[in-house]
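See structure below.
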Amino acid sequence: QVQLVESGGGLVQPGGSLRLSCAASGISFSIYHMGWYRQAPGKQRELVAKITNGGSTDYADSVKGRFTVSRDNAKNTVYLQMNSLKLEDTAVYYCNANRAIQNYWGQGTQVTVSS
């Protein structure tokens, strides 16, 4: 059974930082491309950052220079370091694993940026 379990969300003030983690099980983690998506109320889910199985990364323009995605294949975990958080970063953040036609999602973790 495939499981992606996100953690690390919470309430943070503007300008603050959070580190999200996503622990994967039930898949050969190292061969999957991993991504972080987010969905704010009333909006569509959007890609935030992704990291390929080879370690290449890509980011949404809105988070470039502030967020960093990384992975630890030995721990079957992908991370999202979020710095200089803004009010508009408030959303539920989802972890995604994909490879060819296989696509898996975590349950999401809430990130709220508020003063």
(message) I'd like the carbon and sulfur percentage of the solvent accessible area for the chain, probe radius 1.4 Å, heavy atoms only, ligands and nucleic acids excluded.
(response) 45
(request) At 0.36 nm per residue, minus the direct Cα-Cα distance, what do Lys64 and Thr52 gain on full extension? Give it in nm, one decimal, please. (result) 2.6 nm
(request) For the chain, with a Gaussian network of springs between Cα atoms less than 10 Å apart, report the residue from Tyr79, Tyr94, Tyr104 with the top mean-square fluctuation. (result) Tyr104
(request) Please calculate the 1.4 Å probe accessible area of Ser115, with all protein chains present, and give it to the nearest 10 Å². (result) 130
(message) Considering only C-alpha atoms, what is the centroid distance from the stretch 73-115 to the stretch 29-52, in Å?
(response) 6
(request) Once you have the Cα-Cα distance between Lys75 and Gln107, take 0.36 nm times their residue separation minus that, and quote the gain in nm to one decimal. (result) 9.6 nm
(message) Is there a quick way to get the dipole size of the chain? I mean about its Cα centre, with the Cβ of Lys and Arg at +1 and of Asp and Glu at -1; what is the value in debye to the nearest 20?
(response) 60
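The values are calculated or read from the model by the stated rules, or taken from the named source; none is laboratory data. Small disclaimer: the values here were computed from a predicted structure and weren't measured. Every residue, glycine among them, receives a Cβ derived from its backbone with ideal geometry; neighbour counts consider all protein chains shown. Side chains included, ligands, DNA and RNA excluded: accessible areas come from the protein's heavy atoms. Shrake-Rupley method; radii C 1.70, N 1.55, O 1.52, S 1.80 Å.
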